[in-house]
Every structure is written in structure tokens, then in C-alpha cells.
Amino acid sequence: NVEFAADDFAYSTADFGVAQHPLRGHTWVARKKLRAGRVLLRDEPLLVFRTADHLGDPVMRELQDRVAPYLGAQPYPPEAVALFDRIAERIAEREFSQLSAVAKRRYLALADAFAPAAKTLGGRYKTNSFAHIFADGYEGAIVYDIVSRLNHSCAPNLASTGARGIHGFADATAEVAALRDVAEGEELFISYLTEDDLEKPTSARRALLQSKYNFLCGCGRCEPG
């Protein structure tokens, strides 16, 4: 574990701090011993994407029509991946334009796992968004200022406490709680995978994470010891 001083935290509460990790970008660290079930944060959305909000955009309609024939393919061919990247960029551009000046600065400060040296709006969106189904049935995604800085582990010690599980937000507010007792100084992780995907073999979990988030998982389950 990397040790962090109080001055290292760009954001902190009595329970945890967010610091820059030499290998993982931003990371959450417990500032004291945390009991299982303790709610650490309720975070309001920074950016909310609803599919319904983009149905009238001709560029989005064209891109979605072009990508539709590939939706059943696994893995996606390069041409489909390129189309998905263009869709993400278009969504991010449209949503970013609606943000306040303060929210824009916060969004631009988020990591981009796909182009870390030349970050894009779409890369930040893909890296930091959580899939969400809204009350009206439309699918979409949400980006958070603080919660989106949580890293992944296949043996997470944190989770959302919403009704739908790991990514289960009762509304657009993210509520994060400890899954087990956590020691002071321990790094804090959620899982980017569903509960079903977490039961898959290591090779399958790693392939999913590589394809969706562009990193090779090196957590304690994937690289024990």
C-alpha cells in the first residue's frame, strides 16, 4: 500500500481522502477504521445522460443506425468500436455544453483511461460514467465528481447501497458504503462489474474490464499475492 499524508488529499472527509496514486490516477483511501455498512458519501451527479434527451439529434440517430447491425456481435469489430467511440464523444460534447462553468472544470479534471496524455470529452465519459436506468425506463449514464474517482477491484470493499446493487442508485444520487470492516490507510474500491460478471473466471473478468475500461486488472483476486 502507498502511504498518503493529509496534504496529499485533493478531497477529504473524516472517513476518506482522494489522492493521486502513482499507478492508478486518483484513489480513495480510508482515513480511519471503517465499520461494515458505514455510508461514506452521498454524491450528486456532475453530468446526467438520458437516451431520450438525444433522440432528436440527427448525428446521434445516424451513428446509432450505423452501429445497430453490430449490437449482437462479441467481441465488437474495430469498425463498431470506432462508432461507439464517436457516439460517446457526441454524447459528451452535447452534455458538456450544458454544464455550468464550475461543473465543466470538474469534468475536465476527471481521468481519461483511453487517451491519458490527450484527454477527450468522450474518453472522460467512457472512463467515469455509470450505466443507469431512469424511472421513465430510458437508459443512460451518470458521471460524478467524487464517486467517479473510485477505482475497481474484483474483491471490492465499497459498494453503492441503492436498490439495484453495485451500480444501483435509487435516484441520480450515488450513496457509497463499506461492504466490510476497513483498516485505516487501506485503499477503497468498488467493482465496475456486475455481480454475475464477478463470478466469472479471472481471464473473463480481465477481458471485460480491458474492453470496457482499457486497463488490465491487477487486484488481489486477479494477481493474488
Open item on the list: With n ≥ 4 as the cut-off for DSSP H runs, can you work out [θ] at 222 nm for the chain, using -39500 (n - 2.57) per run divided by the number of residues, rounded to the nearest 500?
Closed with: -8000 deg cm²/dmol
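Taking GluC sites (Glu not before Pro) as exposed when DSSP calls them loop (any state but H, G, I, E, B) and at most 14 other Cβ atoms lie within 10 Å, what is the longest stretch of the chain free of them, the sites themselves excluded? Kindly include the intermediate steps, with their values, before the conclusion.
Numbers: sites that count: Glu3, Glu184, Glu199.
With a cap of 14 other Cβ atoms within 10 Å, the longest stretch comes to 4-183.
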- [ ] Take the alpha-carbon positions of the chain, form their convex hull, and give its projected area averaged over all directions (one quarter of the hull surface) in nm².
- [x] 13.1
- [ ] Mind pulling the angle between the C-alpha long axis of helix 58-67 and the longest principal axis of the chain? Nearest 10 degrees, somewhere in 0 to 90.
- [x] 80
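About the Cα centre of the stretch 37-78, what is the dipole size in debye to 20, counting +1 per Lys and Arg Cβ and -1 per Asp and Glu Cβ, all else neutral?
200
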Task: Distance (nanometres) between label positions extended 7 Å along Cα→Cβ at Arg35 and Thr194 - done: 3.4
Task: Modelled FRET efficiency - R0 30 Å, Ser100 with Ala6, Cβ distances, 0.05 increments - done: 0.50
TODO: Could you rank Lys212, Lys119, Lys126 by how accessible they are, 1.4 Å probe, largest area first?
DONE: Lys212, Lys119, Lys126
Task: C-alpha center-to-center spacing [the stretch 77-106, the stretch 168-225] in angstrom - done: 24
Open item on the list: Full-extension gain between Thr120 and Thr173, please, as 0.36 nm times their residue separation minus the C-alpha to C-alpha distance.
Closed with: 16.6 nm
Open item on the list: Starting from 0.36 nm per residue, how many nanometres of slack lie between Arg42 and Ala155 once their C-alpha separation is accounted for?
Closed with: 38.5 nm
TODO: Find the eigenvalues of the gyration tensor of the Cα atoms of the stretch 28-90, then list the square roots of 5 times those eigenvalues as equivalent ellipsoid semi-axes, largest first, in whole angstrom.
DONE: 37, 18, 10
Task: Under 18 Å between alpha carbons - lysine pairs in the chain that sit 8 or more apart or on different chains - done: 5
Task: the chain, accessible surface, carbon-and-sulfur percent (1.4 angstrom probe) - done: 52
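The values are calculated or read from the model by the stated rules, or taken from the named source; none is laboratory data. Please read these numbers as outputs of a predicted model, since none were measured by experiment. Neighbour counts run over all protein chains shown; Cβ positions are idealised from the backbone, glycine included. With ligands, DNA and RNA removed, areas are computed over all heavy atoms of the protein, side chains included. Shrake-Rupley method; radii C 1.70, N 1.55, O 1.52, S 1.80 Å.
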